[in-house]
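Below is one structure, written out as structure tokens; comments come after it.
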Amino acid sequence: MSGAEVAGLIVAVFWAILVSFLAVALVRLAQTLKRTSELVAGITEQAVPLLGDASDALRTAHSQLDRVDTITAEVAEVTANASALSSTVASAFGGPLVKVAAFSYGVRRAVGLRTSGGAGAAANGAAGTDRSRARTVKAGKVLPAARRGGRRNRSKD
């Protein structure tokens with residue numbers, strides 16, 4: 001055997017080994033592609049019913065939202081009616097009730113002043129009663145009894 005034949009034999013062996021490795025890689029790639037296509041087919045089979053269920057849920061949610069919108073509109077109408085009713089009642093009864101309450105307070109106060117002090121207290125009027133509750137600080141200014149000397153102003157002796 002000559003050197004050229006030995007070199008050709010070595011190149012042929014390496015070529016055969018390279019082709020074998022490439023064949024094994026192609027077989028594995030084909031198996032991977034086959035499994036991938038099976039996986040995609042399985043996902044497609046499962047995804048179609050899920051999409052149908054999601055579509056049904058979306059339709060149901062949409063109908064429920066329509067109902068909520070209707071209820072909200074009705075509640076807004078009821079609220080407006082209640083507001084109008086309360087303002088009507090307040091305007092119809094509020095003024096007269098305030099007047100009646102003020103009148104009854106005035107009558108109670110007058111009767112109380114008449115019965116507690118007799119004619120002298122009635123002659124003094126509210127001035128005698130107000131003096132017991134308040135004192136004059138400056139000319140023309142009266143300090144209420146509640147602000148005269150409460151606990152905050154007292155010394156701790």
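The values are calculated or read from the model by the stated rules, or taken from the named source; none is laboratory data. Computed from a predicted model, the values in this text were never measured in an experiment. As a convention, Cβ positions derive from the backbone with ideal geometry for all residues, glycine included, and neighbour counts pool all protein chains shown. Heavy atoms of the whole protein, side chains included, go into the accessibility calculation; ligands, DNA and RNA do not. Shrake-Rupley method; radii C 1.70, N 1.55, O 1.52, S 1.80 Å.
For the reader, a short list of remarks on this structure follows.
- In the condition set (1) surrounded by 10 or more Cβ atoms within 10 Å (Cβ to Cβ); (2) at pLDDT below 95, Leu33 is compliant with all but (2).
- Of all residues in the stretch 67-107, exactly one satisfies the criterion of being basic (Lys, Arg) and modelled with pLDDT of 90 or more, namely Arg67.
- Hits in the stretch 108-132 - residues which are open to solvent by 80 Å² or more (accessible area, probe 1.4 Å), at pLDDT 50 or above and among the charged types (D, E, K, R): Arg108, Arg114
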